[in-house]
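J.: Quick one: the structure is below, questions incoming.
The values are calculated or read from the model by the stated rules, or taken from the named source; none is laboratory data. Note that the structure is a prediction, hence the values are computed from the model and not measured. For neighbour counting, all protein chains shown are included, and Cβ atoms are generated from backbone atoms with ideal geometry for every residue, glycine included. Areas reflect the complete protein model, heavy atoms only, side chains present, ligands, DNA and RNA absent. Shrake-Rupley method; radii C 1.70, N 1.55, O 1.52, S 1.80 Å.
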Amino acid sequence: PAAPGGARPDETVVEVARATALHAAPDAAQLGTLQPGLSARVLGRAGEWVRVQLEGWVREGDVQPASGGAQIGVSAAELRADPERHVGQLVEWRLQFITVQTADELRTELPAGQPFLLTRGPLPEPGFVYVTIPPQEAERYRQLPALQELVVHVRIKAARTRYLATPVVELVSLVSGMPGK
């Protein structure tokens with residue numbers, strides 16, 4: 001709807017209309033509940049979901065430095081929309097392992113012969129992610145069952161490949177998902 005005088009209201013600022021669940025990502029577990037009247041800034045949209053940024057205060061004793069310093073909640077869509085902001089950053093992503101592959105001449109963002117994990121995600125997104133791994137780790141990951149979920153800290157190397165909208169990232173650490181871990 002138009003604001004008085006025909007101008008559109010600022011669509012980047014919204015107000016919570018009713019008590020609503022807050023999620024880290026679309027279809028992810030609920031983090032908490034937002035109360036009606038709370039203002040938020042819209043950072044992105046994905047289907048029926050809106051990513052919001054809230055501002056508020058908490059007691060200093062209730063927070064601590066983030067473990068690993070990885071950003072949480074960065075989507076592949078956000079990465080593609082603003083690659084300059086995200087390339088080089090450390091992020092925490094939940095991925096679904098598919099297989100270990102070796103880079104070829106069609107994947108110019110990866111050194112030829114570089115082993116990488118072909119994964120789906122970041123979950124719950126439906127796309128793919130190429131996760132480079134050290135050559136000595138390839139056999140370890142080949143032992144993983146297909147569709148195993150992994151939580152990883154990765155450094156973003158490229159927002160997309162030359163031919164596909166597939167992010168290229170470098171594995172920094174495995175947070176969870178490896179049997180025996």
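J.: Answer with yes or no whether LEU110 is in a loop (DSSP other than H, G, I, E, B), within 27 Å of TRP49 (Cα to Cα), at pLDDT below 95 and open to solvent by less than 30 Å² (accessible area, probe 1.4 Å).
T.: In short, no.
J.: Among the residues of segment 126-145 satisfying the criterion of being in a helix (DSSP H, G or I) and touching a Pro at 6+ places or on another chain (Cβ under 7 Å), which is surrounded by the fewest Cβ atoms within 10 Å (Cβ to Cβ)?
T.: PRO135
J.: Additional query: Here are some residues: GLN148, GLN96. Which one is under 25 Å from ASP27 (Cα atoms), of a type in the set (S, T, N, Q) and crowded, with 17+ Cβ neighbours inside 10 Å?
T.: Being under 25 Å from ASP27 (Cα atoms), of a type in the set (S, T, N, Q) and crowded, with 17+ Cβ neighbours inside 10 Å holds for just one of GLN148, GLN96, which is GLN96.
J.: Determine which member of the set ARG160, ARG155 is part of a loop (DSSP other than H, G, I, E, B) and either of a type outside the set (A, V, I, L, M) or at pLDDT 95 or above (or both).
T.: ARG160
J.: How many residues are at pLDDT 90 or above and open to solvent by 70 Å² or more (accessible area, probe 1.4 Å) if we restrict to segment 59-80?
T.: Qualifying residue count for the region: 1.
J.: For GLY32, work out the one condition from (1) surrounded by fewer than 17 Cβ atoms within 10 Å (Cβ to Cβ); (2) touching a His at 6+ places or on another chain (Cβ under 9 Å); (3) over 27 Å from PRO145 (Cβ atoms) it doesn't fulfil.
T.: (2)
J.: Can you pull out every residue in segment 151-181 that is open to solvent by 30 Å² or more (accessible area, probe 1.4 Å), small (Gly, Ala, Ser) and either over 24 Å from ASP82 (Cβ atoms) or free of Cβ contacts under 8 Å to residues at least 60 places away in the same chain (or both)?
T.: Correct list: SER173, SER176, GLY180.
J.: Here is a follow-up. So, of the residues in segment 21-37 that are at pLDDT 85 or above and hydrophobic (A, V, I, L, M, F, W, C), which turns out to be farthest from the chain's Cα centre (by Cα)?
T.: Only one residue fits best here, namely LEU34.
Residues checked against (1) acidic (Asp, Glu); (2) within 30 Å of ASP27 (Cα to Cα):
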position: LEU106; (1), (2): no, no
position: THR119; (1), (2): no, yes
position: LEU123; (1), (2): no, yes
position: GLU137; (1), (2): yes, no
position: GLN143; (1), (2): no, yes
position: VAL152; (1), (2): no, yes
position: VAL168; (1), (2): no, yes
